[in-house]
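Heads up, the thing below is written out as structure tokens.
The values are calculated or read from the model by the stated rules, or taken from the named source; none is laboratory data. Only a predicted model underlies this, so the values are computations on that prediction, with no experimental measurement involved. As a convention, Cβ positions derive from the backbone with ideal geometry for all residues, glycine included, and neighbour counts pool all protein chains shown. All accessible areas refer to the heavy atoms of the entire protein, side chains included, with ligands and DNA or RNA removed. Shrake-Rupley method; radii C 1.70, N 1.55, O 1.52, S 1.80 Å.
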Amino acid sequence: MLLSSIQEKVNEFVLKSPLNIIEHLESLSSPPISYAPMRIYELPLIGIASADDSLWDTFKNINIIGPAHKSPGEWLPGAKSVISYFLPYTERIRKANRIEKITATEWLYGRWEGEMFNQALRQFIIKLVEKNGNNALAPVLDKRFAVDNLRANWSERHAAFVAGLGTFSLSRSMITLKGTAGRFGSVIIDSPLDLTRRAYTQYDEYCIKCMACARRCPPQAINNKGKDNECCRMHLYKEKEIYNPRYGCAKCQTKVPCEDKIPVNLVKSN
Ligand code: SF4
Ligand code: SF4
């Protein structure tokens, strides 16, 4: 199975799936607004990691994720590759959330309905691989997937890092060629694929430490050392109380230099 054929079929799914279009958005902020149908995601970036990459074991370090983190072979016996992807939000969703403080209705839908689409895409890739005679598994859809004390036993962002899609940022998001505003997903397969070269060596190489995300954060959860996860989580809880079942914020991912690209190093170029 070739990466080009996976990319082609995944692109087709993203373009044609009705789950990637929201026909009716109910206004979740006041004053009420009437919304046109909305596309959630642009075409994804896809990267391939080796299931045997030595980085997987390093994630078991308590200072990175922790010992509960499972490597690809612990999820799927005979694992050979990990398909990781980044789904960038459309400009409409990103632009809407550039407003201050309040989470845009478009973002709330993009976060909630967008994750439903993401689940469908994981299942689509699994079927694609199985049709080809191989086994596949998406850890976040597996019954063993668990989150304990804010640490999951599989991290989509860390998988994206191994698969060459991008690096971490001050706001603890990932910065990819198409920026940070979007969602990640991954599928482990027992077939070898051509690996994606990592164009970086440092875990946070694409973040220019401009602090724009910190200035945007309503509860001031970000400082020059990183993000206070608990502070961010409490803010998201409050959002859920207002917009239940939806929630979101991501002010740190919009109206910032890394919103839709790897930011140029403003410090060096000035
Ligand atoms: S806004 Fe600036 S500091 Fe924050 S993640 Fe993006 S590049 Fe890094
Ligand atoms: S999601 Fe919101 S609360 Fe959390 S770090 Fe980003 S801006 Fe701050």
**Study point:** Which of Ala36, Tyr89, Ile21, positive extreme of dipole for region 1-112 (C-beta unit charges)
**Key:** Ala36
Check your understanding: Using a probe of 1.4 angstrom, how much of the accessible area of region 3-260 is carbon and sulfur, in percent?
Key -> 52 percent
Check your understanding: Which entries in the list Lys70/Lys178; Lys9/Lys70; Lys95/Lys261; Lys60/Lys240; Lys16/Lys131 go over 22 Å, if you measure between the two C-alpha atoms of each?
Key -> Lys70/Lys178; Lys9/Lys70; Lys60/Lys240
Point to revise | Net charge dipole size for region 69-200 [Lys, Arg +1 and Asp, Glu -1 on Cβ; Debye, nearest 20] | key: 300 debye
Point to revise | Helix-only CD estimate at 222 nm, as mean residue ellipticity for the chain, using -39500 (n - 2.57) per DSSP H run (n ≥ 4) | key: -9000 deg cm²/dmol
Review point. Can you pull out the cysteines in the chain that have no other Cys Cβ under 4.7 Å?
Key: Cys207, Cys210, Cys217, Cys231, Cys232, Cys249, Cys258
**Study point:** Dipole moment magnitude, nearest 20 debye, region 3-260 about Cα centre, only Lys, Arg, Asp, Glu C-beta charged
**Key:** 560 debye
